[in-house]
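Quick notes on the structure that follows.
The values are calculated or read from the model by the stated rules, or taken from the named source; none is laboratory data. Everything numeric in this text was worked out from a predicted model, so none of it was measured. Every residue, glycine as well, gets a Cβ built from its backbone with ideal geometry; the counts of neighbours run over all protein chains shown. Ligands, DNA and RNA are excluded from the accessible area calculation, which covers all protein heavy atoms including side chains. Shrake-Rupley method; radii C 1.70, N 1.55, O 1.52, S 1.80 Å.
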Amino acid sequence: MNFHTMTLVDHDADADTDGTLARLPVARTQAAPRVAMIGTYLPRRCGIATFTADTARSLSAGPRHLSVDIYALTHAADRTEYPDAAATIDGSTVAGVRCAAEVINRSGVEAVWIQHEFGIFGGQDGERVIDLAQALAAPLIVTFHTVLKQPSPNQRRIVEYLLQRASRVMVMSRSGREVLISTYGARPAIVRVIPHGAPDRPFVSNDRATDDRGERRPVLMTFGLLGPGKGLETAIAALPAIRADYPGLLYRIVGITHPDLVAREGEAYREKLMALAEQLGVAGNVEWVNGFLETEELLDQLAGCDIYLTPYLNLQQSTSGTLSYAVALGRAIVSTPYEHAREVLGDGAGVLIDPGDSDAIATAVRDLLDDPVRFEQIRQRAYAKGRETIWPAFGRAATALVEEAVSPLRAPLPAMAPPSGDALFHMSDGVGLLQHGIGVVPDRRHGYCLDDNVRALIAMHDGLHLPAGDRRRWTSVYASFVQHAWNPERQTFRNFMSFDRRWCEEEGSHDSFGRALWGLGVTAHRASGEDMRAWGLHWFDEALPGFERIDSPRSLALAAQGAASVLRGHPLHQGARDLLERTGQQLLLLLEISRRPRWPWFEVVLGYDNPRLPQALLLAGEALQQPDWIAAGLDTLRWICERQTSAAGLFRPVGSESFGLAHTQLPFDQQPLEAQAAIEAALTAHALTGDAYWARVAERSWQWFFGANDRGVALADLTSGRCRDGVTPRGANLNCGAESILALHASFSAMRRLREARLKAGGQLRHAGEEHGGPTRYGAANPTDDT
């Protein structure tokens, strides 16, 4: 198999990547995808471990020869060696699965495939799988080995969460698919039925075994972990009636007692079954093979039996690997009608009997043994059915499943072009800009907010790609909203307004106050008319005293954007200088307090708009001629940019699920606001240093809008100017809100200024779609390319 090997190292709680790990992009390629496979694994003795190994082998040997990294699930007490695994995962702890997810994210795999069964991960019902899935960035594929029609509330929660995160889902039966859709709300488009794989052996006509007297000695067989629910009591109870006609009968029961059962009561269950056989006088007809057989040994045992019995009592069982094996080898099968058996045997490839009915088992077995013609026909049907599930067929289907999951990552990116203003202006009315949309239609229920109208005001000054007449008209509308939001009694801004024009509060958030100062400062410096510039400066001065009581880092960082703009037009403006001084000092103090060897950051958490903090240091350092501030800003900006770059070279912003979690970065949900912040902060750093690295940071952040992201989904539609609200584990959030639309426009404006600066400096920046028909989404703009 085509495996990759690595060492998995757990970090301290406050330690994380220091940026020294490989962060350079993989070259764009259409080579076979690389997959991380997570599950129990050989030499651990369980059915899922065998299935994980067989699946990995089938992918590697399949038509695309996929590369597979094995992550073997283990626990603290497990001393098993896993030489073929890339790493082991302690699936019993949050720290173990989160550490594994971080390593997998860094590895650059294009898909992650989890084998799910209740209990193989830690926590109640194996709920640690949720912590793992939440932290994985690559498209997720999940195999559900058990699909319960009547789950407990916690089991339902786990399955529904995995279905929400998964890009593709595999089940092994049609009934399992139907239950996932009807009971758990799975999206039909992502659920695929791939029957359990099986080995390919030639069909051999049955040569019945004989006893010492030359009489026929029919062999029955059951395989698997012994435990209540397997129906073995019923099968043993059927033996006296069968032996009456076939005295040489042998029933071979192969398998160890379930480890959980052994831990509770030792071998009491096996001993109970043996006592039952003794009581019924058939102990000499039962052979106990108390061991876990390797695959080839198991196949030999199956090939040597006449009839394979699966008398399971649990009719919800959706999968039986040994049933698949028995069918593929052309065995005659007698089974209860559990989900898998009903689908595989229902068309005459076996005999179905009611659960718990020993007389039915005896009758079915005797009828088959008494009718050699029917016996052989059933075997032929079973063998033909098995050709659909042999491992090469399974490998083709599994490869197709992976290709479906990763295909969006490999589509071409468009060339850069200006977005239309249609979507922005359709979200606006005489009051201002509406906040949210349902799909592409504005949603009036949530009304307006100061934050978005400030962003829109800035867009009117910077959006030179928009028609001048539209910009003049809407500048007045957005400015009027900002002006009306001022609450003179409290010396602060309101933020939220309902659609009926009533303010929802008397005092908005500190961040909305800081953002208002940003918009007013930009207006004072960059508005197209002198009167509007004077208006911006007036309201900046009016609001500034009320901001003196605010010291939250993001609020200061946002306000610093406006103060830096004011100083560009009014170099002697003392209020703007004081605000930048306070911002720089506060951020440096926070950096000193929170910094750790691998966490050189201002806070113990990563929130929204993270690049704004180092950008504010850069702006303050430039305006006040503080080189130490500039150095600290560049260092922290580079650190956050490296954290927001995937192993494939894609922009991967800090997901909103991370907010409020100490020293934790989760990949979803990813929002357009974060790409805008990265681009504009990189533009500031590039203006200060001329370093092409910052141009590359901005470029890959821009490409994120068009599919160079962890799900390969395009968020931006340049023709309409719409932008989806983010990247989720399931793909794009289809809503188009004001914040997202404005992030697209602001990002384009920043990219335009950056490219103009690069051209003036004599440099060139290759961008999406400009050569060779455009790059693909996988491995976005190459940060090592200085051209």
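Pairs please, first residue from region 704-718 and under 12 Å from ALA675 (Cα atoms), second anywhere and among the charged types (D, E, K, R) and part of a loop (DSSP other than H, G, I, E, B), Cβ atoms under 7 Å, 6+ apart in sequence or on different chains. If the second residue must be among the charged types (D, E, K, R) and part of a loop (DSSP other than H, G, I, E, B), the pairs left are ALA708/ARG777; LEU715/ARG724.
Within region 633-650, if we keep just the residues that are part of a helix (DSSP H, G or I) and hydrophobic (A, V, I, L, M, F, W, C), the residue that is most open to solvent (accessible area, probe 1.4 Å) turns out to be LEU634. Under 23 Å from ILE104 (Cα atoms), charged (D, E, K, R) and surrounded by fewer than 23 Cβ atoms within 10 Å (Cβ to Cβ), is that true of ASP717? Criteria not met by ASP717.
Scanning region 102-117 for residues that are over 24 Å from HIS663 (Cα atoms) and under 12 Å from the mean Cα position of the chain (by Cα) gives GLU110, ALA111, TRP113, ILE114.
So that you can scan it fast, the table gives a plain yes or no per residue for (1) open to solvent by less than 10 Å² (accessible area, probe 1.4 Å); (2) touching a residue at least 60 places away in the same chain (Cβ under 8 Å); (3) under 28 Å from ASP725 (Cα atoms):
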| residue | (1), (2), (3) |
| --- | --- |
| HIS465 | no, yes, yes |
| TRP474 | no, no, yes |
| TYR478 | yes, no, yes |
| TRP518 | no, yes, yes |
| ARG533 | no, no, no |
| ASP551 | no, no, no |
| LEU556 | yes, yes, yes |
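So, in region 157-170, exactly how many residues are farther than 20 Å from VAL406 by Cβ and either over 19 Å from the mean Cα position of the chain (by Cα) or hydrophobic (A, V, I, L, M, F, W, C) (or both)? Residues flagged as farther than 20 Å from VAL406 by Cβ and either over 19 Å from the mean Cα position of the chain (by Cα) or hydrophobic (A, V, I, L, M, F, W, C) (or both) within region 157-170 amount to 2.
Considering only residues in region 397-416 that are in a helix (DSSP H, G or I) and not hydrophobic (A, V, I, L, M, F, W, C), the one that is farthest from VAL191 (Cα to Cα) turns out to be ARG410. What number of residues in region 485-504 are small (Gly, Ala, Ser) and more than 20 Å from GLY519 (Cα to Cα)? Residues that pass the stated criteria total 1.
Yes/no matrix, rows are residues, columns are (1) open to solvent by less than 20 Å² (accessible area, probe 1.4 Å); (2) at pLDDT below 95; (3) of a type in the set (Asp, Glu):
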position: ALA364; (1), (2), (3): yes, no, no
position: GLN377; (1), (2), (3): no, yes, no
position: SER407; (1), (2), (3): no, yes, no
position: ALA411; (1), (2), (3): no, yes, no
position: PRO418; (1), (2), (3): no, yes, no
position: GLY421; (1), (2), (3): yes, no, no
position: LEU424; (1), (2), (3): yes, no, no
position: VAL431; (1), (2), (3): no, no, no
position: LEU434; (1), (2), (3): yes, no, no
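Within region 123-134, identify whether any single residue is of a type outside the set (Lys, Arg) and touching a Cys at 6+ places or on another chain (Cβ under 9 Å), and answer yes or no. For region 123-134, residues of a type outside the set (Lys, Arg) and touching a Cys at 6+ places or on another chain (Cβ under 9 Å): absent. Looking only at region 651-664, residues that are at pLDDT 95 or above and part of a loop (DSSP other than H, G, I, E, B) come to 4 in all.
None of ARG98, ARG174, ARG157, ARG128 is closer than 25 Å to ARG342 by Cα, basic (Lys, Arg) and open to solvent by 40 Å² or more (accessible area, probe 1.4 Å) except ARG174. Checked across region 260-270, the condition of being assigned to a strand (DSSP E or B), closer than 25 Å to ILE48 by Cβ and of a type in the set (Gly, Ala, Ser) holds for no residue. Note on region 312-344: among residues that are in a helix (DSSP H, G or I) and farther than 23 Å from LEU293 by Cβ, the one that is least open to solvent (accessible area, probe 1.4 Å) is GLU339. In this structure, is LEU765 touching an Asp or Glu at 6+ places or on another chain (Cβ under 8 Å), among the hydrophobic types (A, V, I, L, M, F, W, C) and either over 22 Å from LEU464 (Cα atoms) or at pLDDT below 95 (or both)? Against the criterion (touching an Asp or Glu at 6+ places or on another chain (Cβ under 8 Å), among the hydrophobic types (A, V, I, L, M, F, W, C) and either over 22 Å from LEU464 (Cα atoms) or at pLDDT below 95 (or both)), LEU765 qualifies.
Exactly one residue out of VAL204, VAL191 is of a type outside the set (Gly, Ala, Ser), under 30 Å from ASP245 (Cα atoms) and surrounded by fewer than 24 Cβ atoms within 10 Å (Cβ to Cβ), and it is VAL204.
When residues of region 616-632 are filtered for being touching an Asp or Glu at 6+ places or on another chain (Cβ under 9 Å) and open to solvent by less than 10 Å² (accessible area, probe 1.4 Å), how many remain? Matching residues across region 616-632 total 2. For region 296-310, the set of residues classified as in a loop (DSSP other than H, G, I, E, B) and open to solvent by less than 10 Å² (accessible area, probe 1.4 Å) consists of CYS305, ASP306, listed by residue number.
Residue pairs whose Cβ atoms lie under 7 Å apart, sitting 6 or more positions apart in sequence or on different chains, and linking a residue in region 673-697 that is surrounded by 24 or more Cβ atoms within 10 Å (Cβ to Cβ) to a partner that is basic (Lys, Arg) and assigned to a helix (DSSP H, G or I), are ALA677/ARG612; ALA681/ARG612; ALA695/ARG758.
If only residues of region 598-607 that are in a loop (DSSP other than H, G, I, E, B) and in contact with an Asp or Glu (Cβ under 7 Å, 6 or more places away or on another chain) are counted, the one that is most open to solvent (accessible area, probe 1.4 Å) is ARG598.
Filter region 584-597 for residues that are open to solvent by 40 Å² or more (accessible area, probe 1.4 Å) and not in a strand (DSSP E or B); which is nearest to ALA557 (Cα to Cα)? Only one residue tops the list, namely GLN586. In summary, SER92 fulfils each of the numbered conditions (1) of a type in the set (Gly, Ala, Ser); (2) in contact with a Lys or Arg (Cβ under 7 Å, 6 or more places away or on another chain); (3) modelled with pLDDT of 95 or more with the single exception of condition (3).
Would you check if PHE659 is open to solvent by less than 10 Å² (accessible area, probe 1.4 Å), closer than 24 Å to ILE741 by Cα and out of contact with any Asp or Glu (no Cβ under 7 Å at 6 or more places or on another chain)? Against the criterion (open to solvent by less than 10 Å² (accessible area, probe 1.4 Å), closer than 24 Å to ILE741 by Cα and out of contact with any Asp or Glu (no Cβ under 7 Å at 6 or more places or on another chain)), PHE659 does not qualify.
Entry remark, region 699-745: residues being more than 18 Å from the chain's Cα centre (by Cα) and either hydroxyl-bearing (Ser, Thr, Tyr) or closer than 21 Å to PRO412 by Cα (or both) number 18 in total. If only residues of region 345-354 that are open to solvent by less than 50 Å² (accessible area, probe 1.4 Å) and either among the acidic types (Asp, Glu) or modelled with pLDDT of 90 or more (or both) are counted, the one that is nearest to TYR383 (Cα to Cα) is ALA349.
Looking at region 29-105, the strands (runs of 3 or more DSSP E) lying wholly inside it that each contain 1 or more residues that are in contact with a His (Cβ under 6 Å, 6 or more places away or on another chain) and in contact (Cβ under 8 Å) with a residue 60 or more places away in the chain sit at 67-74.
Report the residue count in region 123-154 for those that are of a type outside the set (Ser, Thr, Tyr) and within 30 Å of GLY712 (Cβ to Cβ). Number of matching residues: 20.
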